[in-house]
Amino acid sequence: MKKGDIQNQWDKATEGWVFFVRTGKDYYRDEMNNPAMFELLGNIRGKRVLDLACGEGYNCRIMARKGAKVSGVDFSKKMIEFAVQQEKKEKLGIDYYVLDAGNLHIFKNNTFDIVAGFMALQDIENYQDAAKEACRVLRKRGRLVFVIPHPCFETRLIDDKIIGGWEYKKRTMDKSTENALHYKVDRYFDTQVDIIPWEMERLTQHFKTTAFHRTLSNYADALHNAGLLISRLREPKPTKRGLAKYPMLKLHLRIPHSLVIEAVKC
Ligand SMILES: C[S@@+](CC[C@H](N)C(=O)[O-])C[C@H]1O[C@@H](n2cnc3c(N)ncnc32)[C@H](O)[C@@H]1O
């Protein structure tokens, strides 16, 4: 898969993505991942924050409303166009740039207090370069905080077969959480390129993107080699409000969906 192909996929996905995140359909984010991510981010008022692979800017806007001075980068021109349009409507002082996460050349060394990456590092092919660049643009003791799908519990397709995921009681077509028996994990060490079909009912437009299954050690090594020291981890659980509204989320009181990592520039 060429870099340009992955970029094109995201350009094509942009409208569907914008609908997904701006209409509250991304409840995994709103009711589970963001609360854990923002707990680790702490008080960001007055902090200089870079949002790495920021998409259409959803989390940039949240961070700016919390008082941070935010810059957002993404390699999809279309995502950045939507982000800039929104900035014109709600002026939050966010700067957006079309940029590859693995080459942040427009930013000087030691510029940011925080680099944040929301559900992005698993989609970034050159994640090792991205980690190095994040470290370079962070000030000393600055933090990279990112959330990714939990590498141990990803639903993956190999040769068109789902090789992991929830298994349900036999003789039922009812895939409700009560019928979920256990989560099957296999071939964890087979790192690979995954084509992700975004085909949930809650989307108006279906699309495909590319992600990369990596192990926990791969991420830990990338951070270590970049000069970043893992300081805290979170495995987010759904909020009470999320559980009441979206029964699906109950599954994530049993098995985590995602992992938040904080790493400090040493
Ligand atoms: C799942 S979306 C998340 C977007 C955003 N962080 C959010 O919270 O809505 C992943 C994003 O990563 C971007 N991306 C993937 N590879 C990238 C790269 N090498 N450099 C910059 N952005 C990249 C895509 O364009 C897409 O916007």
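The values are calculated or read from the model by the stated rules, or taken from the named source; none is laboratory data. Treat the numbers as computed from the prediction; the structure is a model and nothing was measured. All Cβ positions, glycine included, derive from the backbone under ideal geometry; neighbour counts span all protein chains shown.
What to note about this one:
- One residue stands out among those in segment 158-199 that are in contact (Cβ under 8 Å) with a residue 60 or more places away in the chain and touching a helix residue (DSSP H, G or I) at 6+ places or on another chain (Cβ under 9 Å): the one that is surrounded by the fewest Cβ atoms within 10 Å (Cβ to Cβ), which is S176.
- Given (1) surrounded by 22 or more Cβ atoms within 10 Å (Cβ to Cβ); (2) hydroxyl-bearing (S, T, Y); (3) within 12 Å of the ligand (Cβ to nearest atom), index of the condition Y97 fails: (1)
- Residue in segment 113-125 that is among the polar types (S, T, N, Q) and loosely packed, with under 15 Cβ neighbours inside 10 Å present: no
- Entry remark, segment 59-80: residues being within 12 Å of the ligand (Cβ to nearest atom) and either assigned to a helix (DSSP H, G or I) or surrounded by fewer than 20 Cβ atoms within 10 Å (Cβ to Cβ) (or both) number 9 in total.
- The residue that is farthest from K184 (Cα to Cα), among those in segment 252-266 that are at pLDDT 95 or above and not in a strand (DSSP E or B), is L253.
- When segment 85-94 is filtered for residues that are surrounded by 15 or more Cβ atoms within 10 Å (Cβ to Cβ) and either part of a helix (DSSP H, G or I) or in contact with a Ser or Thr (Cβ under 9 Å, 6 or more places away or on another chain) (or both), the ones remaining, listed by number, are Q86, E87, I94.
- Only a single item in (1) among the hydrophobic types (A, V, I, L, M, F, W, C); (2) part of a strand (DSSP E or B); (3) in contact (Cβ under 8 Å) with a residue 40 or more places away in the chain is not met by L203, and it is number (2).
- Subset of segment 119-146 that is closer than 22 Å to Y58 by Cα and touching an Asp or Glu at 6+ places or on another chain (Cβ under 7 Å) - its residue that is farthest from the ligand (Cβ to nearest atom): R143
- Per-region count, segment 210-226, residues among the β-branched types (V, I, T) and within 21 Å of F75 (Cα to Cα): 1
- Screening D113 on (1) away from the ligand (no atom under 13 Å from the Cβ); (2) of a type outside the set (A, V, I, L, M); (3) outside any strand (DSSP E or B) shows it passes everything except condition (3).
- Among residues of segment 39-58 being among the hydrophobic types (A, V, I, L, M, F, W, C) and assigned to a loop (DSSP other than H, G, I, E, B), the one that is farthest from D95 (Cα to Cα) is I44.
- Any chance D194 is under 19 Å from the mean Cα position of the chain (by Cα) and among the acidic types (D, E): yes
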